[in-house]
Amino acid sequence: MTEARVVAGIDGSPMAEAAIRWAATEAASRGTGLSLVHAFVWPEFPVPLGGNDLAPGLRAGADKVVRESVELARKLEPTIEVEGTRVDGFPSPVLLRASKHAEVVVIGSRGLGIALGALAGSTGLDLAANAHCPVVVVRSGLTPATGSRVVVGYDGSPASALALDFGLDYARRHHLRLRVVAAQPLHTEHDRVSAQALEADVRSREGGQDAELIHIDGHPAEQLLRMAADAQLIVLGSRGRGGFAGMLLGSVSQTVLHHAACPVAVIPAGMIGG
Ligand SMILES: Nc1ncnc2c1ncn2[C@@H]1O[C@H](COP(=O)(O)OP(=O)(O)OP(=O)(O)O)[C@@H](O)[C@H]1O
Ligand SMILES: [Mg+2]
């Protein structure tokens, strides 16, 4: 399967099942194939697995995860082409490589109350920052596809402009309303976007004429989460206009990923060379 596709990271957990569900629906909507990738970490540990009795069992277990995941995806979306592969390596680099040939990469996350480092077994942070395509983080335990709109966080940065494009496309394909939120942080002139600039950027894009624009004072992450209470998807850049070059994710995207009640699509700043 070399043409455009949706990639989902799988590990046999309920989190991965939620990711498979989201990814299968998305592949059907995009008219692409679905590629399920299981990163098999054991060969990466400095324990000589090769010759001992454990290795075949572990590999067989990994192959079973792949097989069952493929079965689930085929059951959910019988019309799409589904492939599953076991790749030796840690999830983050394995999925980063897969993102080169993907339209979108989907991963599961553990949800509330878990340190961000543990997001999708620490796959999330690195991947969301460095992938070659948008990364969607899906939490287990969510009812799939509830919520009536797509919410985009807009701060005028190049990554948030790509988030706008992704949100417009997703909303059109899934027949959802789009809401674009530009929160104006209080007590600072940084990160402010004028209502006119917001309007001009959104309205100039295909489908942007119908979008609902929210230009509002307040803490960006708080306002975004509030405005996304009934969202089906939130779309953000991994970084915005702010400061520290070394950070993988900005403070707004970190907070929203932590607390969102729906899947979150992150546009890696690396996609725009920043
Ligand atoms: N004021 C805002 N209103 C709406 N969305 C925002 C706002 N600020 C950021 N976002 C969204 O969050 C994404 C990530 O931006 P974030 O602010 O987290 O990163 P940063 O600016 O690089 O870092 P920081 O602000 O923590 O210094 C942006 O691409 C945008 O989608
Ligand atoms: Mg910022």
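What is the one condition in (1) away from ligand 2 (no atom under 13 Å from the Cβ); (2) in contact with a Pro (Cβ under 9 Å, 6 or more places away or on another chain) that Ala195 does not satisfy?
The failed condition is (2).
Given the condition part of a loop (DSSP other than H, G, I, E, B), open to solvent by 10 Å² or more (accessible area, probe 1.4 Å), within 18 Å of His132 (Cβ to Cβ) and modelled with pLDDT under 85, answer yes or no: does some residue in the range 13-35 qualify?
Looking through the range 13-35, none of the residues is part of a loop (DSSP other than H, G, I, E, B), open to solvent by 10 Å² or more (accessible area, probe 1.4 Å), within 18 Å of His132 (Cβ to Cβ) and modelled with pLDDT under 85.
Within the range 225-240, identify whether any single residue is more than 16 Å from Ala161 (Cα to Cα) and near ligand 1 (Cβ under 8 Å from one of its atoms), and answer yes or no.
Within the range 225-240, none of the residues are more than 16 Å from Ala161 (Cα to Cα) and near ligand 1 (Cβ under 8 Å from one of its atoms).
Find all pairs meeting these conditions: Cβ atoms under 7 angstrom apart; at least six residues apart or on different chains; first residue within the range 184-209 and in contact (Cβ under 8 Å) with a residue 12 or more places away in the chain; second residue of a type in the set (D, E, K, R) and part of a loop (DSSP other than H, G, I, E, B).
Going by the 7 Å Cβ cut-off, the qualifying pairs are Gln184/Arg192; Pro185/Asp191; Asp191/Asp155; Asp191/Arg241; Val193/Asp155.
Out of all the residues in the range 135-149, is one or more at pLDDT below 80, surrounded by 16 or more Cβ atoms within 10 Å (Cβ to Cβ) and in a loop (DSSP other than H, G, I, E, B)?
Yes, the range 135-149 contains at least one residue that is at pLDDT below 80, surrounded by 16 or more Cβ atoms within 10 Å (Cβ to Cβ) and in a loop (DSSP other than H, G, I, E, B).
Name every residue in the range 185-201 that is modelled with pLDDT of 95 or more and either within 25 Å of the chain's Cα centre (by Cα) or surrounded by 14 or more Cβ atoms within 10 Å (Cβ to Cβ) (or both), in order of residue number.
Ala197, Leu198, Glu199, Asp201, listed by residue number.
When the range 244-259 is examined, which residues are found to be more than 8 Å from ligand 2 (Cβ to nearest atom) and either in a loop (DSSP other than H, G, I, E, B) or under 17 Å from Ser160 (Cβ atoms) (or both)?
Phe244, Ala245, Gly246, Met247, Leu248, Leu249, Ser253, Gln254, Thr255, Val256, Leu257
So, of the residues in the range 160-183 that are small (Gly, Ala, Ser) and crowded, with 24+ Cβ neighbours inside 10 Å, which turns out to be farthest from Val235 (Cα to Cα)?
Within the range 160-183, the match that is farthest from Val235 (Cα to Cα) is Ala183.
If you go through the range 163-181 one residue at a time, how many are within 10 Å of ligand 1 (Cβ to nearest atom) and out of contact with any helix residue (DSSP H, G or I) (no Cβ under 6 Å at 6 or more places or on another chain)?
Here the count works out to 3.
The values are calculated or read from the model by the stated rules, or taken from the named source; none is laboratory data. Because the structure is predicted, anything quoted here is derived from the model rather than measured. With ideal geometry, Cβ positions are generated from the backbone for all residues, glycine too; neighbour counts draw on all protein chains shown. The protein model used for the area step is the full one, side chains on, heavy atoms only, and it has no ligands, DNA or RNA in it. Shrake-Rupley method; radii C 1.70, N 1.55, O 1.52, S 1.80 Å.
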